[in-house]
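Some notes on the structure that comes next.
The values are calculated or read from the model by the stated rules, or taken from the named source; none is laboratory data. These figures come from a predicted structure and were not determined experimentally. With ideal geometry, Cβ positions are generated from the backbone for all residues, glycine too; neighbour counts draw on all protein chains shown. Accessible surface areas use protein heavy atoms only, side chains included; no ligands, DNA or RNA. Shrake-Rupley method; radii C 1.70, N 1.55, O 1.52, S 1.80 Å.
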Amino acid sequence: MATTHTAHDPLLEWRTEFPTVESTLHFISHSLGAMPRSVEEALRRYTHQWKARGIRAWEEGWFALPTEVGDLLGRIIGAAPGSVTMLENSTTAQNVALSAIDFRAPRNRLVCTAEDFPSMLYLYEGLERRGAELVRVPAREGRTIDEDDIVAAIDERTAVVAISHVMFRTSQVLDLTRIVARAREVGARTLIDAYQAVGSVPLDVEAMGIDFLTGGSVKWLCGGPGAGYLYVKPALASALKPAVTGWMAHERPFDFDSGPMEWHAGPRRFWVGTPGIASFTAAREGFDIVARIGTPTIRAKSLRQTERMLARADEYGFHVVSPRAPERRGGTVVLDVPRADRVCAALLAQDVLLDFRPDVGLRLAPHFYTRDDEVDLVMKRVRDEVAKANP
Ligand SMILES: Cc1ncc(COP(=O)(O)O)c(C=O)c1O
């Protein structure tokens with residue numbers, strides 16, 4: 001069967017690079033992408049270098065690695081070399097970006113949405129103690145965020161519009177065009193949480209005119225934990241003085257100068273402390289594969305397979321929470337089935353990898369390595385477990 005499908009779908013040739021997709025029904029790339037086979041060898045080389053070269057490893061590759069990996073990610077999001085900083089996770093990346101923004105009245109508002117990822121909402125809440133005024137755009141029916149509501153919330157009091165590109169609960173894709181245009185019109189910055197987009201939904205930071213963008217390695221990029229990233233528009237970067245900073249962001253870190261801080265003029269400006277070389281080494285493998293395939297190719301396949309999942313969902317009478325319109329739906333299909341927690345646990349125990357989120361239900365995502373017959377199979381397995389959990 002695999003051979004027949006491969007004939008029609010060249011992306012299936014990548015399956016040999018992802019052992020997990022052969023041993024499981026892998027529908028969890030919105031949460032943890034499958035591990036590229038090559039990570040094992042990359043990490044072996046890393047440990048060997050550490051053991052054999054010791055402190056010299058910094059000059060022999062480690063110090064350059066974060067910028068190299070950031071540039072690789074930059075290719076996926078249309079960012080210029082040197083404009084993407086690798087950090088530990090996306091919350092840290094947002095924290096660094098926010099620390100470079102002034103929240104002094106009268107321009108002290110942060111516009112976000114009620115559906116943004118909780119980690120970011122906690123950060124935004126914290127900014128209220130530093131003078132920011134939070135404008136949280138509520139969701140409409142079905143947890144949908146309407147771009148009109150965001151545009152209406154932006155005015156001359158807005159310092160930053162901090163919103164997700166693809167919503168983590170519902171997988172709704174927000175059309176950023178008008179939002180970014182409105183922010184620019186009033187002189188506000190844009191900070192986009194693109195974690196659920198990058199590697200799944202194509203985006204081009206330069207063409208879109210985005211100021212800051214954050215995300216991480218764990219999900220669609222198949223990079224494993226420990227690598228977040230921050231894009232900063234190059235025209236903006238040299239004027240910014242992030243308060244969340246550290247010695248690695250200094251122009252001459254090895255002068256061990258006690259201050260005042262002199263931020264690096266180049267790509268280290270938004271670094272903090274010692275970079276996570278092991279996790280960036282692992283992340284590079286997945287980033288490289290996604291960059292080679294190209295997100296538009298991944299997106300075309302995702303739209304085809306999520307369409308197929310929606311057809312099955314209708315056939316089985318499931319309530320679909322994620323959007324149906326192609327331009328609105330991200331890479332994940334969300335099914336509000338009764339007792340979703342139990343259904344999820346039962347399926348995980350049978351090597352069917354998916355997750356569930358309170359209030360919305362099961363989240364299932366195909367990725368570039370998914371076969372069409374697996375799409376059919378996973379939907380059948382869900383149908384059977386829903387029936388068992390709800391006798
Ligand atoms: C949209 C979105 N933003 C942020 C995060 C969290 O990122 P991190 O754990 O890297 O801070 C997630 C998921 O974990 C997410 O789905």
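Counting only residues that are within 14 Å of the ligand (Cβ to nearest atom) and charged (D, E, K, R), region 85-105 holds 1 of them. The strands (runs of 3 or more DSSP E) found wholly in region 116-197 and carrying at least 3 residues that are touching a Lys or Arg at 6+ places or on another chain (Cβ under 6 Å) occupy 158-164. Filtering region 194-234 to residues that are farther than 18 Å from Pro81 by Cα and charged (D, E, K, R) leaves only Lys219. Selection over region 348-388 of residues that are among the hydrophobic types (A, V, I, L, M, F, W, C), under 22 Å from Cys222 (Cβ atoms), out of contact with any strand residue (DSSP E or B) (no Cβ under 8 Å at 6 or more places or on another chain) and touching a residue at least 40 places away in the same chain (Cβ under 8 Å) gives a count of 2. With respect to (1) touching a strand residue (DSSP E or B) at 6+ places or on another chain (Cβ under 9 Å); (2) surrounded by 14 or more Cβ atoms within 10 Å (Cβ to Cβ), the lone exception for Glu327 is condition (2). With respect to being of a type outside the set (Phe, Trp, Tyr) and surrounded by fewer than 17 Cβ atoms within 10 Å (Cβ to Cβ), Arg107 falls outside the description. Any chance region 40-54 includes a residue that's over 19 Å from Pro225 (Cα atoms) and open to solvent by less than 20 Å² (accessible area, probe 1.4 Å)? No - not one qualifying residue is present in region 40-54.
Checked against the criteria, Ala249 does not count as under 20 Å from Phe63 (Cβ atoms), touching a residue at least 12 places away in the same chain (Cβ under 8 Å) and open to solvent by 30 Å² or more (accessible area, probe 1.4 Å).
Restricted to region 133-146, and to residues there that are of a type in the set (Lys, Arg) and in contact (Cβ under 8 Å) with a residue 24 or more places away in the chain, the residue that is nearest to Val360 (Cα to Cα) is Arg143. For first residues located in region 110-122 and within 11 Å of the ligand (Cβ to nearest atom), partners that are part of a strand (DSSP E or B) and open to solvent by less than 10 Å² (accessible area, probe 1.4 Å) and lie 6+ apart or on another chain with Cβ distances below 6 Å form the pairs Asp116/Ser164.
What are the pairs, 6+ residues apart or on separate chains, where a residue within region 332-347 that is of a type in the set (S, T, N, Q) has its Cβ under 7 Å from a residue that is open to solvent by 10 Å² or more (accessible area, probe 1.4 Å) and modelled with pLDDT under 95? Within 7 Å, no pair qualifies.
For the residues Val232, Val186, Val205, the requirement of being over 30 Å from Phe18 (Cβ atoms), more than 16 Å from the ligand (Cβ to nearest atom), of a type in the set (A, V, I, L, M, F, W, C) and under 19 Å from the mean Cα position of the chain (by Cα) singles out Val232.
Of all residues in region 182-217, those satisfying the criterion of being open to solvent by 30 Å² or more (accessible area, probe 1.4 Å), touching a residue at least 12 places away in the same chain (Cβ under 8 Å) and on the phi < 0 side of the Ramachandran plot are Arg182, Arg184, Arg189, Tyr195, Pro202, Asp204, Glu206, Ala207, Met208. Scanning region 283-298 for residues that are in contact with a strand residue (DSSP E or B) (Cβ under 7 Å, 6 or more places away or on another chain) and over 20 Å from Leu174 (Cα atoms) turns up nothing. When region 77-104 is limited to residues that are in a helix (DSSP H, G or I) and open to solvent by less than 20 Å² (accessible area, probe 1.4 Å), the one that is farthest from Ile289 (Cα to Cα) turns out to be Leu98. Note on region 1-37: residues that are modelled with pLDDT under 95 and not in a loop (DSSP other than H, G, I, E, B) total 7. Suppose the filter is open to solvent by less than 50 Å² (accessible area, probe 1.4 Å), in a loop (DSSP other than H, G, I, E, B) and closer than 19 Å to Trp62 by Cβ; does Gly273 pass it? Spelling it out, Gly273 is indeed open to solvent by less than 50 Å² (accessible area, probe 1.4 Å), in a loop (DSSP other than H, G, I, E, B) and closer than 19 Å to Trp62 by Cβ. Counting only strands (runs of 3 or more DSSP E) that sit wholly inside region 302-391, those with at least 1 residues that are among the β-branched types (Val, Ile, Thr) are 333-335.
Taking the criterion of being free of Cβ contacts under 8 Å to residues at least 12 places away in the same chain and more than 16 Å from the ligand (Cβ to nearest atom), the residues of region 123-132 that qualify are Glu128, Arg129. Could you list, in sequence order, the residues of region 157-181 that are of a type outside the set (A, V, I, L, M, F, W, C), buried (at least 18 other Cβ atoms within 10 Å of the Cβ) and either without any contact (Cβ under 8 Å) to a residue 40 or more places away in the chain or within 16 Å of the ligand (Cβ to nearest atom) (or both)? Scanning region 157-181 gives Ser164, His165, Arg169, Thr170, Ser171, Gln172.
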